């Protein structure tokens, strides 16, 4: 990792820490949520932005993490830490299975296969309503959200827990893409055949990328359930597969800071426009169209192209 | 400007919050702190701000529009009569997209950004359940109008109350005696395959068995389904009563296809009006409903014995004798549910007046005041009927109406007593600390 | 010593028999040219050697090991490098990174050694001063050189080049020929080439393919005189 | 209900779904095959078709048949015009880049949905069918006394549903003739095969793309007009047709019209038939996994060519 990249990561994470003390309670709450959702986008970005695989089924991984944490807490009385580990294991297992099957396809077929698996997962969460309470979902009681006496529903704790999860995911990916493994993923994105003929096991690399991406997304789902106290089938619906794609594209696919920027941008776009007009999705839709027309690489992508070429 | 002041006061507010979480004593102390009192006095001329979580977009939008109209009408009436504790009431409406994630964000916005006194108005269960934890953590009273059993089941928290509309469990259980006595013993149920439908399935099946009947088929329809005929052959031929409840934009298709399936030769049909909420009962293809029965939260058509309260309420909201908008007869209201907004707002008003509510520091007093309520008489404030509030479970109980379709209108056939809707308490929220 | 051989190698695509029972042997340290008219099966042959697809029947033996069933990346790992007929560099990566990808695969994470080897490959191909440019911004000639550099970076025992001089200017072809001469000291080269001047000047031996079969094999002088070859190949060319 | 009549009813219902999916999917397939873009807003064109149909039918309002006929003609044209405009304003400016068009059409999806919510409102609104009779269907039973004609309880369809199936067949056939036998069809196929070559031969590719995009949208709208008397116009109704027709296009094999139609029929029918054997939601889960498995083991689709 070069010095300036390290500095960038340090400054970015530093800003997120400072932010807590500068902005109002409302925005603290928002940023806690943005950071957790940005973890989801970071996970998605690894697969889409760095490996070039467009999945339309990541809600499956997010929801697996969410239920992987929430169901053991709810029905088996797990403590938070084992529940979080269970979420990671579940997400890793599900993403391995999906990766193993879906990677037999590529391109549009890959999109559909992942979409179908996610749809099956969504329906399953409804079908298993006895445990999941289906679309209605269930609350993770505050009493189950305490680790070593620390109450994770407290705004300050929540903020820094979200920060910690985000920083971990962010640095993991920032480190990964500097490793030979990560560089090979980029090579696969750019030209899969060439990467294979340089001697890389393309299928293996893609499979690991799917598993890592799915597990990070699952961690985001688990963190969301734990920090905001709710798990429900809505998060497994197709809409939540599209969202990380949108966030990553808006922020800049294949940039480390893009997912956070895109998530925050989309969040505040909805928040501000719903203050201005009841037709806030109209504003969102127009903004998306305009961004694709005039900033096709996403916000961070355009910055990299026009101003700072070294942006990781 | 507000940004700056907020930054400035932030540290003290944080400390106050920590104190609050420290225990009930700290709360009492904070209200006597001089700074806080001054803040309250300065605010007393300000309007009372009610955050209205509205389904303006998404799957709940048809309900949201009428919840909005009812809310606006109730607030206008309130302000015309001098507001609450001499202060005007202001509605801060924010769309939740009928989505639990956005719903939680909206509650946060009410509590921390818009400085609302209370949050109010949510209908769809998943939005309620997704938002309620945040309301509890931010300690903002959250008055829902959802008819879900989630409040009384005990999964939510002390800050979440449902004082304006009965829950699905009591509705369903109150229907069972009528169905088994008047319509038939062998019942086939059709319901949507998610939590709301599962509540119908579980509570009605049990209640019917208690009343000597039997559910002989449970047919769950997948959500987002748009064509239904293929599921109807699963209705057993010996069915005496068909019990249907459906929600979502495809309800009219559902009912129409039900008619096409049976032709003129159908069993007794008993439905929840949810299956036809916001839909004209005289739509082409629904003729077969003549002579069938519906549960109604509040009778859509003006009845012979209409109370003055219903008359006043109808006029105030702008609904005609057939339950449609006075300005557009094709625009059918969600009459069976939306009264809940009107009545909930009046409960909030009554609670604030009883507790001499001055500002957010009195939120727990407001909740205690509402918890203390029991009998709620029929009145202009409560035009749907008398109710009994259970402070322990935070859930209100009330009369249920069963109407029969006669000449294309729904005519009241039976009114259950409030006691019919009772079931044993499943929780006691008053034991939870604030 | 034989580095690469194939036995009875056959490949058909649908109804088309692209390779028919090809027996082929390549000695270590030689430059072998593979020629033949369009559609003779040259690219299919090297594709089969590299494992870009499964062969219908027959065997590929590399360094004495049967590699017929190994996937492509495995074969590359054994010391085969392949440069593409249609320029196939990573457009949006720098020249340095293009080469480093190939180097890193066998040197793993040792940054210093990787850099050294990348620089060596770039030096040989004269691309050192363009190391930080994006590959997509290079001229076509330089991209062809980059292909070669990517192969060199892998330190291959066998370097397969599919029409490396295609589309190059005459001066560039001359430079390439010089490069080829220096390379043959460190690796064995299998070259598909249309430019007969390059073939005759550089190749130690020539294999001629026609309709998926080996038509002739031998040193350039002998091939030039071969009647069958003249008929099938030169006959149609001139 | 007995198994036989039940299955028959499920097949009939499946055929209605299949008819609408096929029409919508053929529209998506044209756009996908010729322009190589994934139009996420395709379902919204379907929705717009239904909404415009409601609007026309209620504003004419003399006799349902008149309103419906007018809607059948005007709605596809109106929706096609909206699509052509979107193509000119957005897609063509993106140079039809695959990823960017996906995002842009997500944006368009929101714009169309929200504009409809603001003008048309959130309610599901019915359109009266031009004719609608309940047709009880006889069943032949084999018993000891020979063949018996019976009228099983609940075995019925409506004349309008049969009309939907017939109309969809006619439209697809007409489209086939249009693509195979007309000059414009030839131009479209040429553009599909090789865009550069088509440009070289003086085909105005940009204009062809606009027309194709409009035609694709119009087909979706047509499917919607046909189904709206059975279902209702609602601003969120575009999700399902998008998903199903998307699946049909991929399962059928990219750009293969016969494949798309075949897949549309299979998906529509299986939706009906699987529900006979399994509990409904489980049936949906199985059908979904089936689609995934078909693609995994035959990624080029049913009628696509192997790479």
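Throughout, read-outs are computed from the coordinates displayed, never taken from laboratory work. From a predicted model like this one, the values you see are computed outputs, not experimental measurements. We place every Cβ from the backbone using ideal geometry, glycine too, and count neighbours over all the protein chains shown.
Can you tell me the orientation of helix B:125-138 relative to chain B, as the angle in degrees between its alpha-carbon axis and the longest Cα principal axis, to the nearest 10?
For helix B:125-138, the angle is close to 10 degrees.
Please give the FRET efficiency for residue A:4 paired with residue D:180, using the beta carbon to beta carbon distance and R0 = 60 Å, rounded to the nearest 0.05. Please list the in-between numbers first.
Numbers: r = 61 Å, r/R0 = 1.01.
Plugging the Cβ-Cβ distance into 1/(1 + (r/R0)^6) gives 0.50.
So what is the relative contact order for chain D, in percent, with contacts set as C-alpha pairs under 8 Å and at least six apart?
Answer for chain D is 37 percent.
How would you rank B:275-283, C:114-122, D:25-33, A:193-201, highest first, on the average number of other Cβ atoms within 10 Å across their residues?
Values: B:275-283: 21.4, C:114-122: 19.8, D:25-33: 28.2, A:193-201: 23.6.
So the order, starting with the most tightly packed, is D:25-33, A:193-201, B:275-283, C:114-122.
Run the quick spin-label model on residue B:430 and residue B:88: label points 7 Å from Cα toward the beta carbon, then report their separation in nm to one decimal.
3.7
In whole Å, how far is the Cα centre of region B:145-171 from that of region A:103-182?
With region B:145-171 and region A:103-182 each reduced to a Cα centre, they are spaced 29 Å.
What whole-number distance in Å separates the alpha-carbon centres of region C:1-71 and region D:80-144?
A separation of 54 Å, based on Cα centres.
Based on DSSP H runs of at least 4 residues, each adding -39500 (n - 2.57), what is the mean residue ellipticity at 222 nm of chain A after dividing by all its residues, to the nearest 500 deg cm²/dmol?
The per-residue figure over chain A is -24500 deg cm²/dmol.
Rounded to two decimals, what is Rg over Rh for chain B when you use alpha-carbon atoms and the Kirkwood radius?
Value, to two decimals: 1.00.
Counting DSSP beta bridges in the protein assembly as shown, what percent are antiparallel, to the nearest 5?
Details: 54 of 104 bridges.
Taking every DSSP beta bridge with both residues in the protein assembly as shown, the antiparallel ones total about 50 percent.
If you count the DSSP beta bridges with both ends in chain B, what percent of them are antiparallel, to the nearest 5? Numbers along the way, then the final one.
Numbers: 20 of 53 bridges.
If we restrict to bridges inside chain B, about 40 percent are antiparallel.
With an 8 Å Cα cut-off and a minimum separation of 6 or more residues, compute the relative contact order for chain A in percent.
Contact order relative to length: 31 percent.
Among D:110, D:160, D:235, whose mean-square fluctuation peaks in a Gaussian network model of chain D (Cα, cutoff 10 Å)?
D:110
Going by average Cβ density within 10 Å per residue, which order do the peptides B:389-396, B:368-375 take, highest to lowest?
On the way: B:389-396: 22.8, B:368-375: 16.0.
Ranking, from highest mean packing down: B:389-396, B:368-375.
Efficiency by 1/(1 + (r/R0)^6): what FRET value for residue D:297 and residue C:53, r their Cβ-Cβ distance, R0 = 30 Å, to the nearest 0.05?
After rounding to 0.05, the efficiency reads 0.95.
How big is Rg to Rh over the protein assembly as shown, alpha-carbon atoms, Rh as the Kirkwood inverse-mean-distance radius?
Here the Rg-to-Rh quotient is 1.03.
Just want the ordering: A:55, B:322, from fewest to most Cβ atoms lying within 10 Å of their own Cβ.
The order, fewest Cβ neighbours first, is B:322, A:55.
Can you work out the FRET efficiency for the pair residue C:186 and residue C:21, with r the C-beta to C-beta distance and R0 = 35 Å, to the nearest 0.05?
Numbers: r = 33 Å, r/R0 = 0.93.
That pair, residue C:186 with residue C:21, gives E of 0.60.
Would you mind telling me which residue in D:146, D:268, D:252 has the biggest mean-square fluctuation in a Gaussian network model of chain D, where springs connect alpha carbons within a distance under 10 angstrom?
Per the Cα network of chain D with a 10 Å cutoff, D:146 tops the list.
For chain C, what relative contact order do you get, as a whole percent, if you take Cα pairs closer than 8 Å and at least 6 residues apart?
Dividing the mean separation by the residue count of chain C yields 27 percent.
Over all residues in D:267-280, what is the mean tally of Cβ atoms on other chains that come within 10 Å of each residue's Cβ?
Mean number of neighbouring Cβ atoms from other chains: 3.
Take every residue in peptide D:157-163, count the Cβ atoms of other chains within 10 Å of its Cβ, and give the average of those counts.
Partner-chain Cβ atoms within 10 Å, mean over residues of D:157-163: 2.
Calculate the length of the line joining the C-alpha centroid of region D:3-78 to that of region D:214-252, in whole Å.
Rounded to whole Å, the Cα centres lie 5 Å apart.
Note the angle between two axes, namely the Cα long axis of helix D:205-227 and the longest principal axis of the Cα atoms of chain D, as a number of degrees from 0 to 90, rounded to the nearest 10.
Helix D:205-227 sits roughly 20 degrees off the main axis of chain D.
Determine how many Å³ per residue the convex hull of the Cα atoms of region D:190-307 encloses.
Values: hull volume 15.2 nm³, N = 118.
Each residue corresponds to 129 Å³ of Cα convex hull volume.
Looking at the square roots a ≥ b ≥ c of the eigenvalues of the Cα gyration tensor of chain A, which shape do they give, rounded for a/c under 1.5, prolate if a/b is larger than b/c, or oblate?
In terms of gyration-tensor shape, rounded.
Take residue B:265, project a point 7 Å from its Cα along the Cβ direction, then tell me which residues of region D:1-20 have their backbone nitrogen under 14 Å from it.
Only D:1-2 fall inside the zone, counting backbone N under 14 Å.
In peptide B:104-115, how many Cβ atoms from other protein chains are near each Cβ within 10 Å, on average?
Taking the mean over all residues of the peptide, I get 5.
Of the beta bridges DSSP finds with both residues in region C:79-238, what % are antiparallel, to the nearest 5? Mind showing how you got there, number by number?
Numbers: 6 of 15 bridges.
In region C:79-238, DSSP labels about 40 percent of beta bridges as antiparallel.
Put a dot 7 Å past each Cα toward the Cβ at residue C:13 and residue A:156; how far apart are the dots in nm?
Simple spin-label model gives 6.9 nm for this pair.
Could you give the nm distance between label points at residue A:164 and residue A:275, where each point is 7 Å from its Cα heading toward the beta carbon?
3.2
Could the peptides A:184-192, A:112-120 be put in order, highest first, of the mean number of other beta-carbon atoms found within 10 Å of their residues?
Result, highest mean Cβ count within 10 Å first: A:112-120, A:184-192.
Once you've got the GNM for chain D with C-alpha springs shorter than 10 Å, pick whichever of D:91, D:290, D:12 has the biggest mean-square fluctuation.
Highest fluctuation of the listed residues: D:290.
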